């Protein structure tokens, strides 16, 4: 998956996920509205809230 837009900190803060041990809880209504950029933001939130750094890779021509 290639990231096509930048992720802003306020976007990450709005992702309503809860980490509990080795599982992630995400409201069904939020998950059903995710588009490609929303999925990247969700993945970034999971990674950063797990204590890791997010390093996007942008592909050019």
Could you please find all residues in the range 22-45 being in a helix (DSSP H, G or I) and modelled with pLDDT under 90?
36, 37, 40
For the range 38-55: of the residues being in contact with a helix residue (DSSP H, G or I) (Cβ under 9 Å, 6 or more places away or on another chain) and in contact (Cβ under 8 Å) with a residue 12 or more places away in the chain, which is farthest from residue 5 (Cα to Cα)?
49
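The values are calculated or read from the model by the stated rules, or taken from the named source; none is laboratory data. Remember, predicted model here, so these are calculated numbers, not experimental data. Neighbour counts are summed over all protein chains in view; Cβ atoms, including those assigned to glycine, are modelled from backbone coordinates with ideal geometry.
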